[in-house]
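Here's the structure, in structure tokens; my notes come after.
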Amino acid sequence: MTMSNAPFRPVIGLMSYRKVAAQATPIPLFALMPSYSEAVEAAGGAPLMIPLGLDEETLDVVLDRIDGLLLTGGGDMTPSTYRSNRDDLVDDTDPDRDRVEIYLARRAMAIGKPTLAICRGHQVLNVALGGTLYEDVRQMLPGAMKHDYFGEHPRNYRPHDVTIVPDGRLAQLLPGTERLEVNSLHHQGIRDLAPALDVTAVASDGLIEGVAAREHPFAVGVQWHPENLIHDDPRMLALFRALVSEAVAQRDATLI
Ligand code: MN
């Protein structure tokens, strides 16, 4: 075997979502916004898109082959995944996506696979570990501000900031950062925090906007979309670099 001098590039699996191409005969597709794969590549990782609809045996093989997992944004989680029946408050649900992502999140937690969870992914991580969600933040969180800036602004529009919890995982990743201006493209949010997670960032209305798993090498969730902000604030790319760095560190550990 020839040893290459090129630095190891970890493969980061990116979750896709379902979309239908509008044609005379509609065609079902798996989709992904390019900002995710571009951010992973810019951070030194090699992105690989993961389809939905896979059974657990296949998902185990996929999870074994990737060096890190990125739980992406998307539609609402089905309320029954967190013991709620308020289906009247959600839209754009996909029970199969819930199943696949909850399974992968739990397995990634169990085996220590580096995981970055964005927006819906941040919510999936919480639900997979036993937490619950507000089906609609504005209706259910007393004093909630507007978080659902869908469509009316570009995706890098930053309407609110978050306070970074001192000495938390996010504070470690972004040294010297106390507040961060963020975009906000969600109407669900974390309600009860899963026992295995710590809060790493909070919005001024009290909503949890950042989490990290306590007993895990790297499982970090953010409610905002850093992949849309890497050109506006270099600290956003640092989140992807941290995911890639942990994936490289785990690979290096297996080579010793
Ligand atoms: Mn927000």
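Please give the net charge around T81, taking every other residue with its beta carbon less than 9 angstrom from that of T81, where Lys and Arg add +1 and Asp and Glu add -1. Intermediate results must be reported in sequence, preceding the final value.
Details: positive: R83, R99; negative: D98.
Spelling it out: positives minus negatives among the neighbours equals +1.
Nearest-5 percent of antiparallel DSSP beta bridges in the chain?
Restricted to the chain, the bridges split so that about 60 percent are antiparallel.
State whether the stretch 60-197 is rounded, prolate or oblate according to the following rule on the C-alpha gyration tensor (a ≥ b ≥ c being the square roots of its eigenvalues): a/c under 1.5 gives rounded; otherwise a/b larger than b/c gives prolate, and the remaining case gives oblate. All intermediate terms of the calculation are to be shown ahead of the outcome.
Details: a/c = 1.60, a/b = 1.09, b/c = 1.47.
Cα axes put the stretch 60-197 in the oblate bin.
Among I102, L141, H153, pick out the residue whose Cα is farthest towards the positive end of the charge dipole of the stretch 93-199, where Lys and Arg carry +1 and Asp and Glu carry -1 on C-beta, about the Cα centre.
I102
Dipole of the stretch 131-256, Cα-centred, from +1 at each Lys and Arg C-beta and -1 at each Asp and Glu C-beta, to the nearest 20 debye?
160 debye
What size of dipole, in debye to the nearest 20, comes out for the chain about its Cα centre when the only charges are +1 on Lys and Arg C-beta atoms and -1 on Asp and Glu C-beta atoms?
Roughly 340 debye, rounded to the nearest 20.
About its Cα centre, what dipole magnitude does the stretch 63-127 give when the only charges are +1 on Lys and Arg Cβ and -1 on Asp and Glu Cβ, stated in debye to the nearest 20?
400 debye
Can you tell me the length gained on complete extension of the stretch R9 to R214, counting 0.36 nm per residue apart and subtracting the Cα distance?
This chain segment gains 71.2 nm when fully extended.
Between beta-carbons, use under 13 Å as the cut-off and find the net charge around E181, counting Lys and Arg +1, Asp and Glu -1. Present the calculation step by step, with values, prior to reporting the outcome.
Values: positive: R158, R179, R235; negative: D161, E178, E209, D232, D233.
Taking every other residue near E181 into account, the sum is -2.
Taking the Kirkwood radius as the inverse of the mean 1/r across Cα pairs, report the Rg/Rh of the chain.
Numbers: Rg = 17.7 Å, Rh = 18.5 Å.
Rg/Rh: 0.95.
Run the simple label-point estimate for V61 and F150 please: 7 Å along Cα→C-beta, distance reported in nm.
The modelled label-to-label distance comes out at 3.6 nm.
What does the net charge come to around A108 if you take all other residues with beta carbon closer than 14 Å to its beta carbon, with K and R at +1 and D and E at -1? Working shown, then result.
Numbers: positive: R65, R106, R107, K113; negative: E56, D60, D64, D67, E101, E215, E246.
Cβ neighbours under 14 Å give a net charge of -3.
Can you tell me what share of the DSSP beta bridges in the stretch 8-57 is antiparallel? A percent to the nearest 5 is fine.
Here the share of antiparallel DSSP bridges comes out near 50 percent.
All of the numbers you see were taken from the coordinates with simple rules; none came from a lab. Just so we're clear, the structure is a prediction, and the values are computed from it rather than from any experiment. All Cβ positions, glycine included, derive from the backbone under ideal geometry; neighbour counts span all protein chains shown.
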